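Inspection log for the structure reproduced underneath, given as structure tokens.
The values are calculated or read from the model by the stated rules, or taken from the named source; none is laboratory data. Being a predicted model, the structure only gives us computed values, none of them experimental. Positions of Cβ are generated from backbone atoms using ideal geometry, with glycine treated the same way; all protein chains shown enter the neighbour counts. The accessibility values were calculated without ligands, DNA or RNA, using every heavy atom of the protein model including side chains. Shrake-Rupley method; radii C 1.70, N 1.55, O 1.52, S 1.80 Å.
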Amino acid sequence: MSWPLKRRRAGKNAFGATSPPFIDYLKEILRRYPDGGQILKELIQNADDGEASEVVFIHDERRYGTDSVWTEALGKYQGPALYAFNNAAFSEDDWDGIQKAGRSIKQDDPTKVGRFGIGFNSVYHVTDLPCVFSSKYLAVFDPQKMMFDDGREGYRWSLDDEEDRNHLRKYTDQFKPFQDIVNLVFSCSWDKVISDKYFKGTLFRFPLRDEPSEISDNLYNDKKVAQLFHSFNADVDISLLFLRSVSSISMIHIDTSGTVNVRMKVSVSSLHPLQEDGMLGFQREYVRGTTSFKTVSCSSPSNHNTTTKWLVTACHLKEGCVPEIDALALKMSFRPQVDVAFQCDENRRCATGGLSCFLPLPNNEANTTGLPVHINACFGLTDNRRYIKWQEDDQKNDESAMWNELLVKEVLLHVYLMMIQDAVQLARKSILPASTVYNLWPDLSKTDHRVRWHEVAIDVLKLLLQSKEVVCLAENETRWVDISDAIFPNSIADTRMMAAVVRLLTAEGKNLVTVPDHVLKAIERTLPEPATLQWVTPCFVRLVLCKTEIARLCKDDKLSLLEFVLSDGKYEELYGLQLLPCSDGSFRSFTNKEEDTALIDSEEFPRAQLRHLKQRPYSTPGQTQPCVGVVLFFSLSATGPHLHGSLHSLHLRSCLVW
């Protein structure tokens, strides 16, 4: 068989997959990728990847002239538009990358999240004709090939080209929208930018779709842009916490008359890291990073000015600690870093945290953890960037899912632990209150039904309880002690009795700690040997009272302490305690002497019925509280204490001892 015949047969039987037309590709992206605030997040993410510090979104309702435009067809896009400005200029790689739809230029750069990948194309929800002005070029995308005479998919003018610069000046109506917005948001005028042949920023213009097109029938009017801004505002304060460069986001509205209104501005400021790795005496075995404060300020006509304060811990895994993560990080160009953020304000609005991949993921059940911190990482996401991939039955071998599982199990718990430990050190220096540290502890009742995050909570608590000095003394928030040295209050006792006990134990220098219920329950559930915990019991308080100068205690505290030490029924251990109240306001000791036998009267057994007794009452019973139960005689004999009668529910403040 000759080669020509073989070639003819090969052509006849040609076979192979083909790529879809670009319009079909866009339609599929829009079908899978959500409309709404996520569009703005993608533009912010691209700005952050470009190392911009400022992002401005502008909704301009004005209509511009159509007499002096590049082509007559472009005149229909001179109406209302959405703009996105940032103060970083495109590189040559950026210009190349934005033309490669769906082929993100971040492939080999773990510092970039998604520079002009699939997410950027979500702007086609809003427009049919995206435009971008940056560095040396002004470009227009035309996927429908309808705007330019030669049927090309777009057009780009160069500031380096004299003829193109003349065109930018000549077609005044065409480029007036760019001129007005550049003059609004940039420190340099349009004319100077053209003369300098360089725009040190990036300005996107998205003319709003006002009629169905081949790309989409999703029409964007003023109301939908307002909804777009509103959906982004829902978590705008969190949006700046984990970005590396962007520190300011603004939203501006320009009405048809040209009046400019700032709808919202949010900014973040960071203090220098408060805690460098190892600075506090913690040689972290697995992670290296810093803890710092961030302040987020937000202003808007409706909310006026609000400020929130955040504690943020950012760490990356030390190389060599988890070989599986090292291998995946190299293969996927991901960075094994996890950040956690906690709102320090007393009136914090969110008691349960969410997930971020540099920007917050949609606030739904799947992205809510039940933990009190927000978690950020370079997670592997689903194609629509709405969810994190996990190793479900159909994704056991998905490398992105494997990466996410390893980040959570091997890195997150150490970062979370570092934040709590650093918060303790800040509390020791009176920079943070102890309540903030305890609010950082996971509340297991809020993670019980979220299996993955419940495991994280348990693991963090186990590591925390192995640490030193994790609970503070009741009387001094700057002094923290180990769990094994702490004495925990008795939650069964009522508030009045426990308040007196707390005053006694703190005055006597005992390591009494008072912690919120969720912390106490966490300790009981996760401590390997919860039976080793030291509790405030009647027995413990009696032992303390034996070594205490009881005379210096106030009357109310003595009565409360007596009720508490009586509560376990071990009356024989009262011997020698000067806590038996008398009607003259004094207190006598419990003894085994016959002459110290005391009568306690009640409504049922008033002292009037016992006049044959030699003791004389010093006063009448109190009337403010009725005596509940019956106490006839309380005495200590040579063989030990005895109650003559019954003791059901003793209210000592209404009893008379004589």
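Out of V519, V515, V481, V501, which single residue is open to solvent by 20 Å² or more (accessible area, probe 1.4 Å), in contact (Cβ under 8 Å) with a residue 12 or more places away in the chain and among the aliphatic types (A, V, I, L, M)? Outline the logic, then answer.
Details: V519 fails: open to solvent by 20 Å² or more (accessible area, probe 1.4 Å); V481 fails: open to solvent by 20 Å² or more (accessible area, probe 1.4 Å); V501 fails: open to solvent by 20 Å² or more (accessible area, probe 1.4 Å).
Only one candidate passes the filter, namely V515.
Report, by residue number, each residue of region 222-262 that is in a helix (DSSP H, G or I) and not aliphatic (A, V, I, L, M).
Kept after step one, since they are in a helix (DSSP H, G or I), are these residues of region 222-262: 222-233, 236-239.
D222, K223, K224, Q227, F229, H230, S231, F232, N233, D237, S239 - these are the residues of region 222-262 that are in a helix (DSSP H, G or I) and not aliphatic (A, V, I, L, M).
Please pick out the residue among L412, L440 that is crowded, with 20+ Cβ neighbours inside 10 Å, within 24 Å of K462 (Cα to Cα), in contact (Cβ under 8 Å) with a residue 12 or more places away in the chain and in contact with a Pro (Cβ under 7 Å, 6 or more places away or on another chain).
Numbers: L412 fails: in contact with a Pro (Cβ under 7 Å, 6 or more places away or on another chain).
Of L412, L440, the one residue that is crowded, with 20+ Cβ neighbours inside 10 Å, within 24 Å of K462 (Cα to Cα), in contact (Cβ under 8 Å) with a residue 12 or more places away in the chain and in contact with a Pro (Cβ under 7 Å, 6 or more places away or on another chain) is L440.
Only one residue in S19, S53, S68 is at pLDDT 85 or above and farther than 29 Å from E163 by Cβ, so which one is that?
On the way: S19 fails: at pLDDT 85 or above; S68 fails: farther than 29 Å from E163 by Cβ.
Step by step, each of S19, S53, S68 is checked, and only S53 is at pLDDT 85 or above and farther than 29 Å from E163 by Cβ.
Looking at the structure I just gave you, is L533 closer than 30 Å to T352 by Cβ, open to solvent by less than 50 Å² (accessible area, probe 1.4 Å) and touching a residue at least 40 places away in the same chain (Cβ under 8 Å)? If you could, list the steps in order and put the result at the bottom.
On the way: closer than 30 Å to T352 by Cβ: yes; open to solvent by less than 50 Å² (accessible area, probe 1.4 Å): yes; touching a residue at least 40 places away in the same chain (Cβ under 8 Å): yes.
Yes.
Here is a check on your reading of the model: is G258 at pLDDT 90 or above, closer than 24 Å to G50 by Cα and open to solvent by less than 50 Å² (accessible area, probe 1.4 Å)?
No, not satisfied.
Out of (1) modelled with pLDDT under 95; (2) touching a helix residue (DSSP H, G or I) at 6+ places or on another chain (Cβ under 7 Å), the odd one out for R205 is which?
Looking at each condition in turn, R205 falls short on (1).
Of the conditions (1) modelled with pLDDT under 90; (2) hydroxyl-bearing (S, T, Y); (3) open to solvent by less than 70 Å² (accessible area, probe 1.4 Å), T506 satisfies every one except a single condition; which number is it?
Answer for T506: the failing condition is (1).
Scan region 92-146 for residues that are at pLDDT below 85 and aromatic (F, W, Y) and jot them down.
Start the filter on region 92-146 by keeping residues that are at pLDDT below 85, which leaves 100-120.
Matches in region 92-146: F116, F120.
Within region 86-93, is there a residue that is part of a loop (DSSP other than H, G, I, E, B) and without any contact (Cβ under 8 Å) to a residue 60 or more places away in the chain?
Residues of region 86-93 part of a loop (DSSP other than H, G, I, E, B): 87-91.
In the following step, the residues that additionally are without any contact (Cβ under 8 Å) to a residue 60 or more places away in the chain were identified as 91.
Within region 86-93, one or more residues are part of a loop (DSSP other than H, G, I, E, B) and without any contact (Cβ under 8 Å) to a residue 60 or more places away in the chain.
Counting only residues that are more than 12 Å from the chain's Cα centre (by Cα) and modelled with pLDDT under 95, give me the strands (runs of 3 or more DSSP E) lying completely in region 283-354 with at least 3 of them. So that I can check it myself, show each step before the final result.
Numbers: elements: 287-300, 304-317, 337-343.
It comes to 287-300, 304-317.
For region 189-221, give me the residue count where each residue is in a loop (DSSP other than H, G, I, E, B) and more than 17 Å from Y137 (Cβ to Cβ). Full working, then the answer.
So in region 189-221, the residues in a loop (DSSP other than H, G, I, E, B) come out as 189, 197-198, 208-221.
Next, only the ones that are more than 17 Å from Y137 (Cβ to Cβ) stay: 189, 208-221.
Total meeting the criteria: 15.
Which of the helices (runs of 4 or more DSSP H) found entirely inside region 413-497 contain at least 2 residues meeting this: among the acidic types (D, E) and at pLDDT 95 or above? Break it down into steps so the answer makes sense when it comes.
Details: elements: 413-428, 434-440, 444-447, 451-465.
The helices (runs of 4 or more DSSP H) meeting that bar are 451-465.
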